[in-house]
Amino acid sequence: MPSCNTCPVRDHRHLHSGKVRDLYESPDGLLLMVASDRISAYDVVLPTPIPDKGRILTQLSLWWFERLEDLVPHHVVSTDVPAEVAGRAVLCRPLQMIPVECVARGYLAGSGLADYLVTGSVCAVPLPTGLVDGSVLPEAVFTPATKAAMGEHDENVSYDEVATTVGDDVADELRRLTLAVYDRARDMALQRGIVVADTKLEFGRDPDGRIVLGDEVLTPDSSRFWAADRWEPGGPQPSYDKQFVRDWLTSSASGWDRTSGEPPPPLPDDVVERTRAKYVEAYERLTGRSFS
């Protein structure tokens with residue numbers, strides 16, 4: 001199957017394209033969400049797609065939705081989609097999305113680590129002293145962020161700021177659901193040799209007012225996956241995501257200055273192949289299924 005960088009769909013009205021996904025309205029009023037093979041880094045969409053990435057994200061999300069639906073309803077209605085996007089698209093119910101990135105962290109890394117090193121906390125949640133890059137936290141914490149426009153950074157915010165934005169009851173439910181999903185996923189993934197260090201979830205309201213899990217869930221794009229047998233606090237961890245891409249872009253080999261405002265160069269074949277292999281490995285280890 002050829003790589004899908006941009007996925008036009010006949011007889012469907014295009015609504016929006018994000019960094020990875022294209023959204024269409026189906027003839028019966030449902031939303032068709034298509035995961036392309038586009039990849040982004042440093043808030044920029046790169047010119048080189050990763051073959052099969054959209055299929056992996058879609059199939060892994062579907063696998064997780066099935067294992068989480070007793071905790072929270074999800075937005076998927078059907079996988080009966082047009083042939084040109086089969087395997088990488090789902091039909092979803094329209095949701096009124098809640099403008100909060102719901103992040104759960106069980107380990108210290110990324111922006112959470114940067115926040116902790118300055119304040120001793122993450123999103124105003126105090127943490128023990130002496131933690132380092134990759135440390136496991138005493139318990140998972142809810143560390144929300146704002147939803148930034150394309151090309152801009154999400155910004156960590158406190159729980160109180162979320163409550164001000166969406167109300168106390170909704171904020172409390174978002175925190176409860178986010179931590180419940182993370183706790184189950186962390187335990188399941190550990191049994192399969194993967195540490196889920198953190199994950200980002202998105203929720204919306206359906207026409208009945210229920211809070212529903214939307215977008216993607218627990219993929220290498222929305223989560224930080226590490227190899228459990230190589231986890232060692234004190235530095236960066238071996239990961240199942242686009243780290244190969246980030247490392248190459250910031251190396252002298254790429255010739256790209258991320259502060260220049262210039263678009264990034266095409267990715268070399270070996271970076272594409274190694275990145276695809278990591279996505280496939282994450283899918284196969286978590287699901288126990290072969291990706292073909």
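Once every DSSP H run of n ≥ 4 in the chain is given -39500 (n - 2.57) and the sum is divided by its residues, what mean residue ellipticity at 222 nm do you get, rounded to the nearest 500 deg cm²/dmol? Walk me through the numbers on the way to the answer.
Working: 6 runs with 84 residues, N = 292.
-9500 deg cm²/dmol, from helical runs alone.
Can you give the net charge of the other residues whose Cβ lies under 14 Å from the Cβ of Arg192, counting K and R as +1 and D and E as -1? Mind showing how you got there, number by number?
Values: positive: Arg67, Arg184, Arg186, Arg285, Arg289; negative: Asp187, Asp229, Glu281, Glu284.
Computed value for this residue: +1.
Assuming R0 = 22 Å, can you tell me the calculated FRET efficiency for the pair Asp160 and Thr129, based on Cβ-Cβ distance, to the nearest 0.05? All intermediate terms of the calculation are to be shown ahead of the outcome.
On the way: r = 23 Å, r/R0 = 1.06.
Computed FRET efficiency for Asp160 and Thr129 comes out at 0.40.
With Kirkwood's inverse mean 1/r over C-alpha pairs for Rh, give me the Rg to Rh ratio of the chain, two decimals please.
Numbers: Rg = 18.7 Å, Rh = 19.8 Å.
Rg divided by Rh gives 0.94.
Can you check what the net charge comes to around Arg67, using other residues whose Cβ is under 14 Å from the Cβ of Arg67 (Lys, Arg +1; Asp, Glu -1)? Walk me through the intermediate numbers first.
On the way: positive: Arg184, Arg186, Arg192, Arg289; negative: Glu66, Glu69, Asp70, Asp183, Asp187.
In short, -1.
Contour minus end-to-end for Ala114 and Thr287, with contour as 0.36 nm per residue of separation and end-to-end as the Cα-Cα distance? Spell out each step's value before the answer.
On the way: separation 173, 0.36 × 173 = 62.28 nm, distance 3.22 nm.
Extra length available between Ala114 and Thr287 comes to 59.1 nm.
Taking N as the number of residues in region 96-230, what value does Rg over Cα atoms divided by 2.2 N^0.38 Å take?
Numbers: Rg = 14.6 Å, N = 135, 2.2 N^0.38 = 14.2 Å.
Scaled against compact globular proteins, the figure is 1.03.
Which order, highest average first, do 112-118, 210-216 follow once you tally other Cβ atoms within 10 Å for each residue and take the mean per peptide?
On the way: 112-118: 17.0, 210-216: 20.9.
In descending order of packing, they fall as 210-216, 112-118.
With the contact rule set at Cα under 8 Å and sequence spacing of 6 or more, what percent relative contact order holds for the chain?
In percent, rounded to a whole number, it is 18.
Check cross-link reach from Lys19 to the aspartates and glutamates: straight Cα distance under 12 Å, and skip same-chain residues fewer than eight apart.
Reachable aspartates and glutamates: Asp37, Asp43, Glu152, Asp221.
Rule-based calculations on the coordinates, nothing more; no lab input. Everything quoted here is computed from the prediction, not taken from an experiment. Quick reminder, even Gly has a Cβ in these numbers, built from the backbone with ideal geometry, and neighbours come from all protein chains shown.
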